[in-house]
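I have placed the structure first, in the form of structure tokens, so that the comments after it can refer back to it.
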Amino acid sequence: MKELKGGNHATVFLNKETNQVHKTYNDRFSPDYRHEKTILQHLLKLKCPYVPELVLADDCQGKLVMTYVGKPAPKSKENIASLKELRKELKTKYHLVQKKPSVLKKAFHYWREPKTIHNVLIGDKGQLFFIDFGSKTWILL
């Protein structure tokens, strides 16, 4: 497995054989783990097409297994416009909204990844996908 991201809260690996992403939270009792699991289960139940599919949630290990959906999305006018429409649909059809991050956090992400959109991936066919629902910026209505 190839490590995609390691951090203070979770480690993310890509299993190329199964084309799945394994995200293991450092604390299996983390509220972020429970929050992300709840949102992914909700979106899976409603068949939301622009998020990874939740394949497995292992509460004993604090581990989520999801389908691999793509690479970081480049920041472009087209992608930004598409995301605006997808966010509207997330709210109306899937009852999920994302609060805007603080200015400081937003500035940090632009500095760190200036050419990509934070927590948005793009698939082989140009489809955009939202990822990383662990933070409290995502709210189910």
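Starting from region 17-39, take each residue that is outside any strand (DSSP E or B) and list its partners that are of a type in the set (A, V, I, L, M, F, W, C), counting only C-beta distances under 6 angstrom and pairs at least six apart or across chains.
Glu36/Phe133; Lys37/Ala57; Ile39/Phe133; Ile39/Trp138
Can you tell me which residue is modelled with the lowest pLDDT among those in region 97-133 that are surrounded by 10 or more Cβ atoms within 10 Å (Cβ to Cβ) and of a type in the set (Val, Ile, Thr)?
Thr116
Working only within region 83-93, note down all residues that are more than 15 Å from His118 (Cβ to Cβ) and in contact (Cβ under 8 Å) with a residue 24 or more places away in the chain.
Selection gives Leu90, Lys91, Lys93.
The values are calculated or read from the model by the stated rules, or taken from the named source; none is laboratory data. On a predicted model such as this, the values are computed, not experimentally measured, just so you know. Glycine gets a Cβ as well: all are built from the backbone with ideal geometry, and neighbour counts include every protein chain shown.
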